[in-house]
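The structure under discussion appears below in the form of structure tokens.
The values are calculated or read from the model by the stated rules, or taken from the named source; none is laboratory data. Note that the structure is predicted; figures quoted are calculated from it, not measured. Backbone-built Cβ (ideal geometry, glycine too); neighbour counts: all protein chains shown.
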């Protein structure tokens with residue numbers, strides 16, 4: 001029987017923006033008890049990864065924990081893995097940020113624990129071949145990838161118990177195979193059963209290595225695992241059994257293994273991640289396509305979810321702005337740190353913990369990206385302006401108003417406002433999320449409706465008299481026009497006056513006939529105010545009796561009364577309404593009080609309107625099961641148009657922001 005080498009450990013991370021009680025719960029139930037058990041077994045080596053976000057929280061809240069880790073590192077029991085400090089998906093961030101984030105965590109570990117990490121944990125195990133050279137250039141010797149990727153790379157079953165080499169641009173790095181099987185059964189099966197399976201590998205293979213590094217959540221946070229691992233002493237029993245079988249099982253650290261054993265082969269691994277993630281990329285209509293699963297990788301989340309692509313686009317744009325800072329190293333460093341925080345991966349995709357669906361995680365990322373952008377605005381030199389750029393990389397130019405108090409970005413698709421940042425609070429009020437159909441949705445969840453467009457601002461609808469707020473909420477209403485997400489052409493762009501005029505000649509389908517109709521939208525920007533002047537014109541020879549509505553979605557921290565107040569002004573009187581589904585007629589002004597940020601938002605109109613007000617909530621899978629998550633509040637001002645052939649009407653809408661001591 002061959003001796004089995006065993007690399008054992010955990011990776012531990014939490015999203016930036018997580019609530020403090022989430023960190024504390026993870027510490028008390030997983031981080032602390034796991035390390036406490038290990039401390040009592042100084043001869044049992046363990047490989048550990050803590051993200052920069054977790055390390056910063058521990059340093060502030062529980063410095064004694066870091067002291068314990070330092071002691072275990074010094075006695076050579078713990079080998080710490082490096083990685084990227086704020087846990088970005090390395091493959092989608094610019095190369096300088098990849099190198100910088102890895103160096104940042106390396107420096108932190110060396111400073112606090114006295115030893116430079118030689119191995120790296122790959123955030124979310126998202127791999128692309130070009131990362132080999134990045135990691136090598138960052139001083140990393142080895143990484144871990146799941147063993148099924150070795151099979152996809154052409155390795156045989158019997159080769160899954162040995163590390164290999166991979167390279168990019170001549171830069172070589174060692175890849176340890178993570179055992180998918182053992183990760184699936186720990187700690188659900190008994191220590192005796194697991195050790196028996198480890199021993200059986202030694203009977204089949206010559207000097208095999210089993211790499212068993214799994215999420216620390218499994219050791220205390222997952223349901224029932226705290227009792228199992230610590231009160232029923234599963235972890236202690238497992239370690240004791242390994243040590244009792246020391247003649248045939250040799251627990252090792254990665255570096256110790258590499259000092260005595262060199263990788264046997266070289267392999268190349270395609271762009272991929274762990275199997276569950278590749279499954280989550282799939283849309284429900286492709287859920288049965290195995291070919292799509294095999295070809296899936298992380299970047300496809302940017303296609304699957306438009307909002308994910310917008311966060312990514314904001315990050316790339318902020319990187320460009322940060323890179324343009326010259327001559328002020330302190331300011332550049334501060335901007336870069338905020339940029340790196342905004343690259344934390346969890347808000348970019350919907351993982352098992354909610355991710356993109358968790359409103360507060362997206363807000364944390366946007367906050368950091370906006371903070372970074374504000375730092376790039378050099379005092380006394382920055383001048384408000386409208387910049388044209390292909391912001392979202394769709395091949396079309398967008399119009400980006402950048403002011404002292406507001407950012408307001410306009411897209412020609414639908415002529416909508418797709419980002420609205422109030423800089424005083426670094427809050428993107430158009431950080432919304434549409435309701436997507438997910439493979440895990442049950443039939444009763446589907447009754448809430450799914451959106452077929454992005455929930456942004458100044459979305460142009462034409463509705464019939466029969467349409468109701470309930471039908472609009474469930475997306476069973478009839479859209480009479482073809483203006484939503486349709487291309488608008490730039491009619492006039494006045495950079496000095498900070499105005500953009502867009503135009504679309506479309507149609508309205510009414511009485512079984514397509515009727516020509518024109519919308520001209522003129523955006524004007526100033527300080528803390530955005531104005532949209534609509535010119536609506538019936539180009540057909542038919543009388544049109546329809547409703548025009550301009551949909552405005554705004555995202556707040558929550559729709560609870562303590563967070564959001566909604567006050568329509570009717571006949572000069574301000575009347576509060578709930579954040580539930582509401583209908584109000586004859587409104588001239590709508591006041592919104594963002595109590596979390598202490599901001600008052602005023603929506604004004606040239607003509608009185610009828611209002612539909614309703615919350616946008618999604619059903620998402622999170623670490624705590626399925627739940628409804630608030631994403632935004634939808635406000636739909638509506639005007640009835642009794643339009644004769646050739647008739648024209650102008651309607652002006654404005655949004656004003658004001659910081660208040662609410």
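Filtering 73, 37, 54 for residues that are in a helix (DSSP H, G or I), crowded, with 20+ Cβ neighbours inside 10 Å and either at pLDDT 95 or above or not assigned by TED's automatic domain parsing to the domain that holds residue 8 (or both) leaves a single hit, 54.
The number of residues in segment 565-614 that are crowded, with 16+ Cβ neighbours inside 10 Å and part of a loop (DSSP other than H, G, I, E, B) comes to 4. The number of residues in segment 463-479 being over 33 Å from the mean Cα position of the chain (by Cα) and buried (at least 18 other Cβ atoms within 10 Å of the Cβ) comes to 2.
The residues in segment 80-92 that are surrounded by fewer than 23 Cβ atoms within 10 Å (Cβ to Cβ) and either under 13 Å from the mean Cα position of the chain (by Cα) or in a strand (DSSP E or B) (or both) can be counted, and the count is 1.
Matching residues to (1) surrounded by 18 or more Cβ atoms within 10 Å (Cβ to Cβ); (2) modelled with pLDDT of 95 or more; (3) farther than 20 Å from residue 166 by Cβ:
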{"position": "236", "(1), (2), (3)": "no, yes, yes"}
{"position": "250", "(1), (2), (3)": "no, yes, yes"}
{"position": "254", "(1), (2), (3)": "yes, yes, no"}
{"position": "270", "(1), (2), (3)": "no, no, no"}
{"position": "274", "(1), (2), (3)": "yes, no, no"}
{"position": "279", "(1), (2), (3)": "no, no, yes"}
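Restricting attention to segment 62-74, the residues being out of contact with any helix residue (DSSP H, G or I) (no Cβ under 6 Å at 6 or more places or on another chain) and touching a residue at least 40 places away in the same chain (Cβ under 8 Å) number 2. Criterion applied to 223, 192, 196, 236 was being without any contact (Cβ under 8 Å) to a residue 40 or more places away in the chain and either assigned to a helix (DSSP H, G or I) or in contact with a helix residue (DSSP H, G or I) (Cβ under 8 Å, 6 or more places away or on another chain) (or both), and the one residue passing it is 196. Residues considered: 497, 512, 501. Of these, the only one that is touching a strand residue (DSSP E or B) at 6+ places or on another chain (Cβ under 8 Å) and either surrounded by fewer than 16 Cβ atoms within 10 Å (Cβ to Cβ) or without any contact (Cβ under 8 Å) to a residue 12 or more places away in the chain (or both) is 497. So the check is Cβ under 7 Å with 6+ separation or different chains; which pairs have a first residue in segment 126-141 that's not assigned by TED's automatic domain parsing to the domain that holds residue 105 and a second one that's surrounded by fewer than 17 Cβ atoms within 10 Å (Cβ to Cβ) and modelled with pLDDT of 95 or more? That search, which allows pairs on different chains as well, returns nothing. Residue 643 falls short on exactly one of the conditions (1) more than 20 Å from residue 589 (Cα to Cα); (2) surrounded by fewer than 21 Cβ atoms within 10 Å (Cβ to Cβ), and that condition is (2).
Restricting segment 515-556 to residues that are within 34 Å of the chain's Cα centre (by Cα) and over 24 Å from residue 453 (Cβ atoms) leaves a set whose member that is surrounded by the fewest Cβ atoms within 10 Å (Cβ to Cβ) is 527. Of the residues making up segment 222-234, those that are crowded, with 19+ Cβ neighbours inside 10 Å and under 22 Å from residue 7 (Cβ atoms) are 225, 229, 234. Specify the residue that is surrounded by the fewest Cβ atoms within 10 Å (Cβ to Cβ); the eligible residues are those in segment 142-169 that are free of Cβ contacts under 8 Å to residues at least 12 places away in the same chain and either more than 23 Å from residue 215 (Cα to Cα) or touching a strand residue (DSSP E or B) at 6+ places or on another chain (Cβ under 8 Å) (or both). Across segment 142-169, the extreme among qualifying residues is 156. The residues in segment 126-142 that are over 17 Å from residue 105 (Cβ atoms) and in a helix (DSSP H, G or I) can be counted, and the count is 2.
The residue that is farthest from residue 76 (Cα to Cα), counting only those in segment 143-172 that are touching a helix residue (DSSP H, G or I) at 6+ places or on another chain (Cβ under 6 Å) and part of a loop (DSSP other than H, G, I, E, B), is 169. Consider residue 357 carefully, then state whether it is touching a residue at least 40 places away in the same chain (Cβ under 8 Å), under 19 Å from the mean Cα position of the chain (by Cα), over 24 Å from residue 424 (Cβ atoms) and not assigned by TED's automatic domain parsing to the domain that holds residue 499. Answer is yes for this residue. Looking at 18, 2, just one residue is part of a loop (DSSP other than H, G, I, E, B) and more than 25 Å from the chain's Cα centre (by Cα), and that residue is 2.
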